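J.: This is the structure I have questions about; it appears just below.
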Amino acid sequence: AFSADVTSYTVSVPYSVSSLNISAGAAHPGAKVSVDNPTLSPASNTTIRITVTAENGAAKTYTIRVAREQDPNYVPSSNAQLKSLSVEGYSLSPAFGEDVQQYYVWMSYETETVKVSADKADSKAKLTVAECPELTPGQLTDLAVTVTAEDGTQKVYTLSLFRAPAPADVDVF
């Protein structure tokens, strides 16, 4: 229930409710009340703000956090593909293709770390790029890039990074 001392409220509404019609009045006749009344997005939380401004300019804001249910006919995306993948300063072998999950990157001995950039094909998916492990000269080191679709489907892209071995000592005559 409303209390002038409580400024934060929460409410859950069914999917069929896409907006609320909120009316509020001020306790003092000289105060002004403004209500932002945004459209409610399915399966998300929307914050509605009600601001009461006194004649002297002092303001108090009340918030209502509205949780709207998901559309019962909604089917979550299963797209767990990448739109792009690159390693700064190096080429992938083979060249990037959204259906290719294994890549090799050949690097010079001087390279100690790499910067990986990736972009998911579906904005609702989650992208995780593993931290670059220590690159041991003369060995392959795998780095995983994982895309998790909205429905939980996962696709792992593997970058096998090969750091060249240390140059051999060469006697110069």
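The values are calculated or read from the model by the stated rules, or taken from the named source; none is laboratory data. Note that the coordinates shown come from a computational prediction; the quantities given were computed from them, not determined experimentally. In this analysis, Cβ positions are derived from the backbone assuming ideal geometry, glycine residues included, and neighbour counts consider all displayed protein chains. The protein model used for the area step is the full one, side chains on, heavy atoms only, and it has no ligands, DNA or RNA in it. Shrake-Rupley method; radii C 1.70, N 1.55, O 1.52, S 1.80 Å.
J.: How many lysine pairs does the chain hold where the Cα atoms are under 28 Å apart and the two sit 8 or more places apart or on different chains?
T.: Going through the chain pair by pair, I get 12.
J.: Which value, to two decimals, describes the C-alpha radius of gyration of the stretch 1-58 once divided by 2.2 N^0.38 Å?
T.: Details: Rg = 13.5 Å, N = 58, 2.2 N^0.38 = 10.3 Å.
So the stretch 1-58 has a normalised radius of gyration of 1.31.
J.: I've got another one for you. Mind checking the stretch 34-118 for trypsin sites (Lys or Arg not before Pro) that DSSP puts in a loop (not H, G, I, E or B) and that have at most 12 other Cβ atoms within 10 Å? Mind dumping the intermediate values first?
T.: On the way: sites: Arg49, Lys60, Arg65, Arg68, Lys83, Lys115; in loops: Lys115.
Within the stretch 34-118, the qualifying trypsin sites (Lys or Arg not before Pro) (loop, at most 12 other Cβ atoms within 10 Å) are Lys115.
J.: Using the heavy atoms of the protein chains and a 1.4 angstrom probe, tell me the accessible area per residue for the chain in square angstrom. Intermediate results must be reported in sequence, preceding the final value.
T.: Details: 11060 Å² over 173 residues.
About 64 Å² of surface per residue is accessible.
J.: Here's another thing I want to ask about it. Rounded to two decimals, what is the ratio between the C-alpha radius of gyration of the stretch 86-173 and 2.2 N^0.38 Å? Numbers along the way, then the final one.
T.: On the way: Rg = 15.8 Å, N = 88, 2.2 N^0.38 = 12.1 Å.
Here the Cα radius of gyration is 1.31 times the empirical estimate.
J.: Can you give the relative contact order of the chain as a percent, counting alpha carbon pairs under 8 Å and 6+ residues apart?
T.: Working: 352 pairs, mean separation 30.7, N = 173.
Computed over the chain, the figure is 18 percent.
J.: Report for the chain the percent antiparallel among DSSP-assigned beta bridges with both residues inside it, nearest 5. If you can, show how the numbers build up before the last one.
T.: Numbers: 34 of 46 bridges.
If I count the DSSP bridges inside the chain, around 75 percent turn out antiparallel.
J.: Output needed: percent of Cα pairs per 10 Å distance bin for the chain, bins running from 0 to the one holding the longest distance.
T.: Reading upward from the zero bin: 9, 23, 17, 14, 15, 13, 7, 3, 1, 0.
J.: In µm²/s, what is D for the stretch 31-102 at 4 °C and 1.567 mPa s, where D = kT/(6 pi eta Rh) by Stokes-Einstein and Rh is the Kirkwood radius from Cα pairs?
T.: Answer, rounded: 75 µm²/s.
J.: Further question on the same structure: Counting only protein heavy atoms, what percent of the accessible surface of the chain is carbon or sulfur at a 1.4 Å probe? Mind showing how you got there, number by number?
T.: Values: 5440 of 11060 Å².
Taking all protein chains in place, the chain shows 49 percent carbon and sulfur surface.
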